[in-house]
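**Q** Take a look at the following structure, please.
The values are calculated or read from the model by the stated rules, or taken from the named source; none is laboratory data. All figures in this text were calculated on a predicted structure; none of them were measured in a lab. No Cβ is skipped: glycine too gets one built from the backbone with ideal geometry, and neighbour counts run over all protein chains shown.
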Amino acid sequence: NSMWIEGIDRDESDTILEQLFEIIEQPTNYYEHVWRPGDLVMWDNLACLHARTDWPDTQSRELRRCTTLGEALD
């Protein structure tokens, strides 16, 4: 979580962060995946924020990381 923006007045920082949070918390900016067997979801960690919803304790969860080198695709 972001607390403030370094290098600017705290009140201005709070105002900017509030505006940014309002934008990113709009439902039109969300993608929520409904999992089915065999699904694979990929995202760019540098270009998006991600989180997960609650996960049942009775189900296993496996995460794998793959890092690639190269130029961004247009």
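**Q** Consider only pairs whose beta carbons are under 7 Å apart and that are at least six residues apart or on different chains; among these, list those whose first residue lies in segment 17-40 and is touching a residue at least 60 places away in the same chain (Cβ under 8 Å) and whose second residue is surrounded by fewer than 10 Cβ atoms within 10 Å (Cβ to Cβ).
**A** none
**Q** State all residues of segment 33-69 that are over 22 Å from SER2 (Cβ atoms) and either under 14 Å from the mean Cα position of the chain (by Cα) or outside any loop (DSSP other than H, G, I, E, B) (or both); if no residue qualifies, say none.
**A** Quick first cut of segment 33-69, residues over 22 Å from SER2 (Cβ atoms) only: 33-42, 54-69.
HIS33, VAL41, MET42, listed by residue number.
**Q** Follow-up. With the condition kept exactly as written, say whether any residue in segment 31-46 is at positive phi and either exposed (fewer than 10 other Cβ atoms within 10 Å of the Cβ) or at pLDDT 90 or above (or both).
**A** Filtering segment 31-46 for residues at positive phi gives 38.
Cutting the leftovers down to either exposed (fewer than 10 other Cβ atoms within 10 Å of the Cβ) or at pLDDT 90 or above (or both) gives us 38.
Yes: segment 31-46 contains one or more residues that are at positive phi and either exposed (fewer than 10 other Cβ atoms within 10 Å of the Cβ) or at pLDDT 90 or above (or both).
**Q** Would you please name the residue that is nearest to LEU49 (Cα to Cα), looking only at residues in segment 1-21 that are in a helix (DSSP H, G or I) and aliphatic (A, V, I, L, M)? Can you show your working first?
**A** Residues of segment 1-21 in a helix (DSSP H, G or I): 10-21.
Narrowing further to those that are aliphatic (A, V, I, L, M): 16-17, 20.
On the way: ILE16: 18, LEU17: 15, LEU20: 13 Å.
Ranking the candidates gives LEU20 first.
**Q** Condition first: in a helix (DSSP H, G or I) and either within 13 Å of LEU49 (Cβ to Cβ) or polar (S, T, N, Q) (or both). Now tell me which residues in segment 22-32 satisfy that. It would help to see each step written out before you state the result.
**A** Of segment 22-32, the ones in a helix (DSSP H, G or I) are 22-24, 27-29.
Once the filter is applied, which keeps residues that are in a helix (DSSP H, G or I) and either within 13 Å of LEU49 (Cβ to Cβ) or polar (S, T, N, Q) (or both), segment 22-32 yields ILE23, ILE24, THR28, ASN29.
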